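These notes concern the structure reproduced below.
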Amino acid sequence: MANRKDRRIEPSFDGPRDEAEDDVFSVREEDRVVPSRRKAPTKRKSSKTRSTSRGRSSKPKRGIFGIFGRLVYWGFVLSIWGGIAAAGIVVYYGAKMPSSTTWAIPDRSPNIKIIGVDGRLVANRGMTGGEAVGLHEMSPYIPQAVMAIEDRRFYSHFGFDPIGLARAVSTRVLHGRFTQGGSTLTQQLAKNLFLKPDRTLERKVQEVLLALWLEQKHTKDQILEMYLNRVYFGSGSYGVEAASRRYFGKSSRDVTLAEAALLAGLLKAPSRLSPARDPKAAEARAQLVLGAMRGEGMIGEKELKTAMSAPATRAASFWTGSENYVADRVMEELPGLIGEVRSDIIVDTTVDMTLQDLAEKSIRRLIDESGQKLNVSQGALVSIDNSGAVRAMVGGYDYSTSQFDRASEARRQPGSAFKPFVYMAALEQGRTPDSMRNDAPIKIGKWTPENYNGKYFGRVTLKTALAKSLNSVAAQLAMEVGPNAVVEAAHRMGIESDLQPNVSISLGTSEVTPLELTAAYVPFANGGYRPEVHMIRRVTTADGNVLYENTSGGGPRVISPEVVGMMNAMMTGAVEEGTAKKAAFAWPAAGKTGTSQNSRDAWFVGYTANLTTGVWFGNDDGKPMKKVTGGALPALAWHEFMVAAHEGVPVAALPGSWTPQPAAPAVAVEDQPLDEDTFPAAPQPVRQQVGDATGMSQEPTASIRRPVPPADVGGPVQRRETSILDVLLGN
């Protein structure tokens, strides 16, 4: 029998299996690459094994640490992918932005600071409504309050505050809404400077990138200063200076703790929380700011209690104060003087804020006391010195309720306040204050001018006729000299509005503004010269460069000295014994009252050797007042203003002189003085013989008498060698 080791074993797939072969060639189930689909034979478990399997599962359990570990693992994986995704978003939106080398802080909208001749602020104008103020200049409470409520870690973060963002997100989850913002002050500044207020992912990413750039380019103090000077505080106020002026009427340098808290509270919702709109909401928000400041240790308990007890701030719904009429007028004139404003400028005006306040108080007081009783709702006042500088200008009762400037824009009928130009034209043609006229009913075509209350005085001098504002005499003079001569005289004196050359112009039927009518009286006060009426003295940049300066000297002579003397003698009578007796005070003064038909307009324009002031009262809708005449409210307002304006000023006589000729006293038909004049509407008159049964003046009319040109009027302008003071003193 051969040795078993020498026998060759052939593979066979059909014969009986050899156990040895199975040991050599077989593959166990756990060694297979692909598990077998055959079910492994089940083995009968021993009783010991069965008892063990009942107590615990054969598959091992993961403990709580295993679950936590997997959470950490997957959290780490997700954070990696989230970071990659965030980086991709940043790169994508960042690539759409211009190169950072081209980034620059845009210029702040220029501010126009308007100040009075006494150095007091009149107003700020421009898009911001206030000048830029340094961080070291403003009240220290302002930046503290803003940081406490908006960004308490401002000085520690790098422009983006992850902690603040996480806090905002957590409050969103807990309360279902964002009760705290996640943006830093730097991000808010970046948004205000460069971006649109869109709530998009792109805008948010760009905001963060710009905030990081700002932090690299500027210090924290610079960023905070830029923010406080540009952010919107509601009610049209950009920057802390504009807001302080708007709500508290003072500079941001003088803001108290309570006021600073109110300003900081506005940043959440400037329009809704504005004290001009909702004082209670503004106050409630300010209380939260004060609490935040106390929580941050910025203020003590005593300061907190004092600020909490401060009265609530109440601001007008719009800018108030008559000085805003002045500011609006300045803004209208400015482009014609310096062109487009490209940087902060300072405008020095001729307005005296002390006089401006006096004028406003006088107009308001009279309307408050008598407005309802006399049916008068508006008033205007203009005061001009002998050089043409506007010293005060009130355009209405309250700027906050109406910004329409009645002083320089409203054209109203001047009534008898226009008569001085009629009398001036008559004097220039050879008449004198002693010339006699018959004050009696007359008829000019279909027009019959009547005196106030139908009272007539018979034969009177022109001086008496002007002092008592006799309509019949004024109409006679207009016919004698011709309406064109009256129009020419008025325009020469300073009236700029179109005037209708008809006889009714003698009673002031053509409309004018208070500013131009007052300016036209100035030559009577300064000796016969028409100055350039102006309100702007100088315009400079913030660093002192002069952009414009008013260098105009005395204007041309428009009235001869003789006529000035006669006109002043005549109009002095209106104040001393005529319709304007309520205007009289300790200075030599002259002027003329005026009342339009049915008391729709009431005027008094008067002057001293120091100031010329015009006052108007009426209603915007043209409704008649209740028998208000120029000798009533206007004369009272003029008196109140001029007394205060001349306090402490040496008394000076009016320029010019005239010696009256002895004449018989006037005999009145009815012994009752005239108070003022009204008249019916007049059609275009037809020139014809003037006169009636009572008799008329025997002097020739303008149709047959050649006008006598006034002395030194109408020729080339000659430069005066004397000063205006010499003229006023009669030298």
Give me the percent of accessible area attributable to carbon and sulfur for segment 317-400, probe 1.4 angstrom.
47 percent
For segment 575-659, what % of the accessible area comes from carbon and sulfur atoms, probe 1.4 Å?
51 percent
Taking the radius of gyration and the Kirkwood hydrodynamic radius from Cα positions alone, what is the Rg/Rh ratio for segment 392-532, to two decimal places?
1.01
Long-range amide H partners of residue 458, meaning residues 5 or more apart or on another chain whose placed amide H is closer than 5 Å, are 439, 669
Once phi for every residue in segment 584-600 is put through the Karplus expression 6.51 cos²θ - 1.76 cosθ + 1.60 (θ = phi - 60°), the whole-Hz ³J(HN,Hα) values, with Gly and Pro written as x, are 4, 8, 5, 9, x, 9, 9, x, 8, 8, x, 9, 7, 4, 6, 6, 6
Express the carbon and sulfur contribution to the solvent-accessible surface of segment 183-223 as a percent, rounded to the nearest whole number, probe 1.4 angstrom.
49 percent
Just to confirm a number: summing +1 for Lys and Arg and -1 for Asp and Glu over residues other than residue 524 whose beta-carbon lies under 11 angstrom from that of residue 524, what do you get?
+2
From the phi angles alone, apply the Karplus equation (6.51, -1.76, 1.60; θ = phi - 60°) to segment 475-489 and give each ³J(HN,Hα) in whole Hz, x where the residue is Gly or Pro.
5, 4, 5, 4, 5, 5, 7, x, x, 5, 5, 5, 4, 4, 5
At a threshold of 8 angstrom on Cα-Cα distance, excluding pairs fewer than six apart, so keeping six or more, what relative contact order does segment 561-603 reach in percent?
29 percent
Could I have the simple spin-label model distance between residue 254 and residue 652, label points 7 Å from Cα toward Cβ, reported in nm to one decimal?
3.3 nm
9 Å beta-carbon shell around residue 462, net charge (K/R +1, D/E -1):
+2
Tell me, in nm to one decimal, what length is gained between residue 373 and residue 219 on full extension, where the rule is 0.36 nm per residue of separation less the Cα-Cα distance?
49.2 nm
In sequence order, what are the phi-derived ³J(HN,Hα) couplings for segment 424-438 according to the Karplus relation 6.51 cos²θ - 1.76 cosθ + 1.60 with θ = phi - 60°, rounded to whole Hz, with x for glycine and proline?
4, 4, 5, 5, 5, 9, x, 7, 10, x, 8, 4, 9, 9, 9
Between segment 402-429 and segment 232-255, how many Å separate their Cα centres?
40 Å
Distance (nanometres) between label positions extended 7 Å along Cα→Cβ at residue 105 and residue 361
4.3 nm
Could you tally the net charge around residue 607, taking each other residue with its Cβ under 11 Å from the Cβ of residue 607, Lys/Arg +1 and Asp/Glu -1?
0
Measuring from its Cα centre, segment 561-627 shows a charge dipole (+1 at each Lys and Arg Cβ, -1 at each Asp and Glu Cβ) which, in debye to the nearest 20, is 300 debye
Using the per-residue mean of other Cβ atoms lying within 10 Å as a proxy for protection, in what order, highest first, do the peptides 516-526, 225-235, 313-323, 637-647 fall?
516-526, 225-235, 637-647, 313-323
Between segment 325-378 and segment 503-562, what is the C-alpha centre distance in whole Å?
17 Å
Residue 353 accessible area, assembled protein chains, probe 1.4 Å, Å²:
10 Å²
In what sequence, largest accessible area first, do 620, 352 appear using a 1.4 Å probe?
620, 352
When you count, for each residue, the other Cβ atoms within 10 Å and take the mean per peptide, how do 135-146, 105-116, 299-310 rank with the highest first?
135-146, 105-116, 299-310
Label-point gap, in nm, between residue 202 and residue 268 - each point 7 angstrom along Cα→Cβ
3.2 nm
So with the 1.4 Å probe, I'd like the accessible area per residue for segment 455-527, rounded to whole Å².
21 Å²
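The values are calculated or read from the model by the stated rules, or taken from the named source; none is laboratory data. Note that this is a predicted model, so its numbers are computed, not measured. All Cβ positions, even for glycine, are placed from backbone atoms using ideal geometry, and neighbour counts span all protein chains on display. The area values use the complete protein model at the heavy-atom level, side chains included, leaving out ligands, DNA and RNA. Shrake-Rupley method; radii C 1.70, N 1.55, O 1.52, S 1.80 Å.
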